[in-house]
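Asker: Have a look at the structure that comes next, please.
The values are calculated or read from the model by the stated rules, or taken from the named source; none is laboratory data. Note that this is a predicted model, so its numbers are computed, not measured. Note that we place each Cβ from the backbone using ideal geometry, even for glycine, and neighbour counts take in every protein chain shown. Surface accessibility is based on the protein's heavy atoms, side chains included, excluding ligands, DNA and RNA. Shrake-Rupley method; radii C 1.70, N 1.55, O 1.52, S 1.80 Å.
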Amino acid sequence: MPEILLAHQVDFGTWRQAARAHAHAGTPPGELTWRVRRFDETFPTPAPADVLLPEQGAAPFGVPRVLMQTFERAMQAHDPQRFELAYRLVYRIARGQIDLKNDQDPDLLAIHALADAVDVETRLFRREFSAFTSEQTQRRWVFQPRHYVVEANAAFCVARNARLWEIRTPYRRALWNGKKLFFGPGDSEVERVPVQQWQPAGSGLWQDYPHTVLPPNLADVRAASTLAELAAQAMDCRACSLWQPASRTVFGTIRLASGPVLSADGDNLPAVEAPIGMTGGAVSADPGEASCGPGKAACAPHQAVRMPGLMLVGEQPGDQEDLAGLPFVGPAGQVLDNALAAAGFAREQIYITNAVKHFRFLLRNGRRVHQKAGEDSIQACRIWLDAERRLLAPVLTVMLGATAASSLLRRPITISRERSRILTLDDGTNGLVTVHPSYLLRLPDEESRQREQARFVSDLTLARQFLMDKTGVE
């Protein structure tokens, strides 16, 4: 009986190649066995299906794209029969033995049930990884999945968290070193992973595996109950064209006082060819693990306390923000930090976001030059800004620049006319318009910069006084 050896639990490429070849050759489903290789087992090349000849008189056939996408999701199910089930459907299609519109067909019902179970697990995985990302205190995330969803969501994880991280599950480890994505054996296979056992995504055994994309709908966005859940949904937003050239979707955040943990060894320069955090041939311990964990008081300094009712909205991510996946971490962010401190705010108290979640740029001589966000992008991203405000319920929203102000006020605005006064927004909350910090960087002389910096600090001081009057919190 022919045996198909798969490189790993979600080896969609080998399954697809073998399924097509055996269906053409007329191999009945009951005469094939499917097996996932052991971690220490050599994977043969070429695969046995490469040398199969089509059955005499076999006609060409095609599997509808939507069904192939269902197969791709079902491959992630923790069900040893998933490969055989999907092949049986391919075999029946090749022989015209199935009506794909029959919603009572047992095989179709079974494959869709597997795919639906994976969808539920995928959303849970993304919500919890997004929450882990928001905490910014740990590099290593331990998860117990019911299905094989790590690989298909690795691209989502890279988009959501640009900092260095490692995911550990019983069946798979994934590691992002700031430059490349790697996969390694799970906790149930080895306790520690030597450098040579990390395998780069996109090559070798990892050339073809599922990639899950879950574009959100408006109902999903409105139903989100946490900022982490909302940010997870935003990673697959395709509402405007900016998602393609940008590196990632940059969502709002509160930056912790201690800053994110960048690597296991304290080195802020990520490795290019090997995973970061390798010492003595294995992944070193997370520095947070010695002092932080569930119920440990040592974690208390990492917890951010948000200034009651305050939200800052900028225009869009810049080059550094796009790469880091965090708002206001470049030169404009430094200007903002200084002004906030001068006004009596701590950056760690404030939720900061942008009206547009992707970086719009023009590539010039190898550099990404900032371009003003278009009205289409402002409109497309408004659902996210509205949802952030719904969850945060800010007493005061400070709008940094014309793009943020026009997005929230729903009309063209001139900064000089609207600046430095408390406004009432459509939802009954209050807003304050001021300049974007990048404006201060573009001023031509030191005298202008000092004058405008003082006005900027004055606007933020007005915001602080308004919040103190409204909330009684100093």
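Asker: How would you order 448-459, 148-159 from highest to lowest mean count of nearby Cβ atoms within 10 Å? Can you show the working numbers first?
Answerer: Values: 448-459: 15.7, 148-159: 22.4.
Most protected by this proxy first, the peptides run 148-159, 448-459.
Asker: Let a ≥ b ≥ c be the square roots of the eigenvalues of the Cα gyration tensor of region 1-150; is it rounded (a/c under 1.5), or, if not, prolate (a/b larger than b/c) or oblate?
Answerer: Details: a/c = 2.82, a/b = 1.59, b/c = 1.77.
Oblate is the answer for region 1-150, as a/c is 1.5 or above yet b/c matches or exceeds a/b.
Asker: Another question, if that's okay. Can you give the angle from 0 to 90° between the axis of helix 82-94 and the longest principal axis of the chain, with both taken from C-alpha atoms, to the nearest 10?
Answerer: For helix 82-94, the angle is close to 70 degrees.
Asker: Based on the Kirkwood radius over alpha-carbon pairs, what is the Stokes-Einstein translational diffusion coefficient of region 56-137 at 20 °C with 1.002 mPa s viscosity, in µm²/s? Walk me through the numbers before you get to the answer.
Answerer: On the way: Rh = 14.5 Å.
Reported coefficient: 148 µm²/s.
Asker: Right, here's the next one. Any chance you could list P(r) for region 361-463, counting all Cα-Cα pairs in 10 angstrom bins from zero, rounded to whole %?
Answerer: Cα pair-distance distribution for region 361-463, in percent: 13, 39, 33, 13, 1.
Asker: Oh, and also: On a full-extension model of 0.36 nm per residue, what is the gain between N365 and Q97, subtracting their alpha-carbon distance, rounded to one decimal in nm?
Answerer: Answer, rounded to one decimal: 90.8 nm.
Asker: May I pose another question? In vacuo Debye scattering of the chain, one point per C-alpha: log10 I(q)/I(0) at q = 0.10 Å⁻¹?
Answerer: -0.83
Asker: Rounded to the nearest 10 Å², what accessible area does K180 have for a 1.4 Å probe in the complete protein model?
Answerer: Only protein atoms counted, so the area is about 80 Å².
Asker: Right, here's the next one. Rank-order 358-370, 104-116, 423-435 by packing density, defined as the average count of other C-beta atoms within 10 Å over each peptide's residues, highest first.
Answerer: Sorting 358-370, 104-116, 423-435 by mean packing, highest first, produces 423-435, 104-116, 358-370.
Asker: Which residue, chosen from S225, M75, L242, occupies the Cα position most advanced towards the positive end of the dipole of the chain, where the dipole is computed from +1 (Lys, Arg) and -1 (Asp, Glu) charges on Cβ about the Cα centre?
Answerer: L242
Asker: Rounded to a whole number, what % of the accessible area of the chain do carbon and sulfur atoms account for, probe 1.4 Å?
Answerer: Roughly 52 percent of what the probe reaches on the chain is carbon or sulfur.
Asker: Kirkwood Rh over alpha-carbon pairs of region 63-204, then Stokes-Einstein at 37 °C and 0.692 mPa s: what D in µm² s⁻¹, rounded to an integer?
Answerer: Reported coefficient: 197 µm²/s.
Asker: Calculate the spin-label point distance for R382 paired with M1, positioning each point 7 Å from the Cα along the beta-carbon direction, and give it in nanometres.
Answerer: Going from the M1 label point to the R382 one covers 6.1 nm.
Asker: Per residue of the chain, what 222 nm ellipticity follows from adding -39500 (n - 2.57) for every DSSP H run with n ≥ 4, rounded to the nearest 500?
Answerer: -11000 deg cm²/dmol
Asker: Which value does Rg/Rh take for region 340-394 over its C-alpha atoms, Rh per Kirkwood?
Answerer: Numbers: Rg = 15.2 Å, Rh = 13.7 Å.
Ratio of gyration radius to Kirkwood radius for region 340-394: 1.11.
Asker: Going by the alpha-carbon gyration tensor, a ≥ b ≥ c the square roots of its eigenvalues, is region 146-194 rounded (a/c under 1.5) or, if a/c is not under 1.5, prolate (a/b greater than b/c) versus oblate?
Answerer: Working: a/c = 2.58, a/b = 1.38, b/c = 1.87.
Verdict is oblate for region 146-194.
Asker: Could you give the dipole magnitude of the chain about its Cα centre, charging the beta-carbon of Lys and Arg +1 and that of Asp and Glu -1, in debye to the nearest 20?
Answerer: Dipole of the chain, to the nearest 20 debye: 1100 debye.
Asker: Over the chain, give the accessible area per residue in Å² for a 1.4 Å probe, as an integer.
Answerer: Spelled out: the 1.4 Å probe surface of the chain, per residue, equals 45 Å².
Asker: Using R₀ = 25 Å, calculate the FRET efficiency as 1/(1 + (r/R₀)^6) where r is the Cβ-Cβ separation of D40 and K179; round to 0.05.
Answerer: Step by step, r from the Cβ atoms, then E = 0.35.
Asker: Okay, next question. Modelling each spin label as a point 7 Å along the Cα-to-Cβ direction, I'd like the H211/Q69 distance in nm, to one decimal.
Answerer: Using points 7 Å along Cα→Cβ, the separation is 1.4 nm.
Asker: If you average 1/r across every pair of different Cα atoms in region 158-232 and take the reciprocal, what Kirkwood value do you get, in Å? Intermediate results must be reported in sequence, preceding the final value.
Answerer: Working: mean 1/r = 0.0689 Å⁻¹.
One over the average 1/r among Cα pairs gives 14.5 Å for region 158-232.
Asker: Straight-line reach only, C-alpha to C-alpha below 20 angstrom: list the aspartates and glutamates that K470 could link to, leaving out same-chain residues fewer than 8 apart.
Answerer: Counting by Cα, and skipping residues close in sequence, K470 has these aspartates and glutamates nearby: D426, D427, D459.
Asker: Taking every pair of distinct Cα atoms and averaging 1/r, then inverting, what Kirkwood hydrodynamic radius in Å comes out for region 387-435? Each step should come with its number before you reach the end.
Answerer: Working: mean 1/r = 0.0926 Å⁻¹.
This gives a value of 10.8 Å.
Asker: Given R₀ = 60 Å, what would the calculated FRET efficiency be for R449 paired with V190, taking r from the Cβ atoms and rounding to 0.05?
Answerer: 0.60
Asker: May I pose another question? Which value, in debye to the nearest 20, gives the size of the charge dipole of region 86-198 about its Cα centre, when Lys and Arg are +1 and Asp and Glu are -1 at the Cβ?
Answerer: Dipole of region 86-198, to the nearest 20 debye: 520 debye.
Asker: If R0 is 41 Å, what FRET efficiency do you get for Q104 and R238 from their C-beta distance, rounded to 0.05?
Answerer: Efficiency at R0 = 41 Å is approximately 0.80.
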